[in-house]
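Below: one structure, written as structure tokens.
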Amino acid sequence: MKKLKTLLQEFKAFITRGNVVDMAVAVIIGAAFNAIVTSLTNNILKPLINWAVGGGDGIGLITMLKPVTVLDAESGEYVIDMANSIYIDWGMFIMKIIDFLLVALVLFVIIKVFMSLKNATAKAAEKAKKKTEKLAKKLQKNGMSEEEAKAAAEAQVAAQEPAAPAAPAAPTSEELLTEIRDLLAAQNKNNADKAE
């Protein structure tokens, strides 16, 4: 029982670390964005490409390897049974490539924005540090001790800096895990529906 309690405490410490929470948020955003990109490619781009290339007959970009024909009850003609035929779906392959490129593009933009914000924060901190050091040296020349000058300079620079906005309340680990579970369940349901 003691080992189980220790294990649970270690798991709680692991799950509440900042990078794990960031990873959970990334998974949630990635799953939501993936649904948008998949819908865009499957519901908008693929029909347009199939219509343009296939001449509007609805078949699109395919290479038939082993066609299976069935008698259509309404028209009395033989038609290709796409569910039982063996074919290469070039249109789907192209859509997956477009899907990948769109996801990669958005991830690139997100990372670029994140890195620019991180660099701006680091530059601001470096600027404040240099300003503090310069002011502390000036105060030391005026007769203050090194510690007093450093404390006074830090206080003065902090007073000059604009107040940082309060960070929004972070979701709890349980809320994040519940949301991840729900997104994965929805994604598995969508995949099962597509397979049918």
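The values are calculated or read from the model by the stated rules, or taken from the named source; none is laboratory data. All values reported here derive from a predicted model rather than from experimental measurement. We place every Cβ from the backbone using ideal geometry, glycine too, and count neighbours over all the protein chains shown. What goes into the accessible areas is simple: the full protein's heavy atoms, side chains included, and nothing from ligands, DNA or RNA. Shrake-Rupley method; radii C 1.70, N 1.55, O 1.52, S 1.80 Å.
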Single unsatisfied condition, residue 44 versus (1) exposed (fewer than 15 other Cβ atoms within 10 Å of the Cβ); (2) more than 30 Å from residue 156 (Cβ to Cβ); (3) more than 31 Å from the chain's Cα centre (by Cα): (3)
Flag if residue 165 is of a type outside the set (Lys, Arg), within 28 Å of residue 34 (Cα to Cα) and either at pLDDT below 75 or touching a His at 6+ places or on another chain (Cβ under 8 Å) (or both): no
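Here's the yes/no breakdown for (1) open to solvent by less than 100 Å² (accessible area, probe 1.4 Å); (2) of a type in the set (S, T, N, Q); (3) modelled with pLDDT of 75 or more:
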{"residue": "4", "(1), (2), (3)": "yes, no, yes"}
{"residue": "9", "(1), (2), (3)": "no, yes, yes"}
{"residue": "24", "(1), (2), (3)": "yes, no, no"}
{"residue": "40", "(1), (2), (3)": "yes, no, yes"}
